[in-house]
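In what follows, a single structure is set out as structure tokens and then discussed.
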Amino acid sequence: MTADLQQFRTDFIQNFQRIEFNATPGDARLLRILIESSKLKNGLEIGVATGYGAIVMGLGFEQNGGHLTSVDSDGEMVKTARANIRKMRLQEVVTVVKGVALKTIPQLDGPFDFVFIDAAKEEYLGYLRAVEPKLKARAVIVADNVIQCADRMPDFLEAVQNDPRYQTVIIRASEEKGDGMMVIYKPR
């Protein structure tokens, strides 16, 4: 990567006009660290918004020689995310698919070793169940907004925390939104 591209990317991320649906910078950095340090190669993002998180995660997947597929049902969000990803020259690493996640996930090629869930909170358990057949051993799943929106996903939280197939921890990587993410690890 050229120094010019690296500087452009740094500036683009720093000046990104985030909306309320985007990951915070701290959360996005944590996701990238998880991806790069675990050498993850095939990721799925459920809920792309305007692409801020996808871009930061995409840099991690680019570093690892991997790929991220982002799914969102909102046509305008998909269009904006794709444009932002092209500006960052990450279109070979990040693919944005327009579709309803619960219908789209079964059609995607797996297996996935990383999943980031940040869409309709009431559907979190459905998203997890849809992607479970496509999870690799040692997969990492991150679910956003599990503190402030816990009352909208009790089935998901109970199912994951009581499932012996998973190890879980809730963390706050950013104080900006006053919320947290659940990191879920599937050892086998």
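Computed from the coordinates by the stated procedures, all read-outs in this text should not be read as laboratory data. Predicted, not measured: the structure shown is a model, and the values here were computed from it. Cβ atoms come from the backbone with ideal geometry, glycine included; neighbour counts cover every protein chain shown.
Which helices count as membrane-span-like in the chain under these terms: full DSSP H, at least 27 Å along the axis by C-alpha, Kyte-Doolittle mean of 0.5 or more?
Both cut-offs are met by no helix.
Based on the Cβ-Cβ distance from K79 to A137, what FRET efficiency comes out when R0 is 30 Å, to the nearest 0.05?
0.25
Among F16, A137, P154, flag the residue with its Cα farthest along the positive direction of the charge dipole of the chain, charges on Cβ as +1 for Lys/Arg and -1 for Asp/Glu.
Positive-end residue among those listed: A137.
Would you tally the net charge around E132, using a Cβ to Cβ cut-off of less than 12 Å, leaving E132 out, and scoring K and R as +1, D and E as -1?
Net local charge, E132 excluded: +4.
For the range 1-148, count all C-alpha to C-alpha pairs, find those more than 22 Å apart, and express that count as a whole percent of the total.
Roughly 32 percent, rounded to a whole number.
Give me the lysines in straight-line cross-link reach of K186: C-alpha distance below 24 Å, same-chain residues under 8 apart excluded.
Cross-link targets: K39, K41, K103, K121, K134, K136.
If I stretch the segment between C149 and A3 completely, what's the gain in nm (0.36 nm per residue apart, minus their alpha carbon distance), one decimal?
Separation in residues times 0.36 nm, less the Cα-Cα distance, equals 48.5 nm.
With +1 on the Cβ of every Lys and Arg and -1 on the Cβ of every Asp and Glu, and nothing else charged, how large is the dipole of the chain about its Cα centre, in debye rounded to the nearest 20?
About 600 debye.
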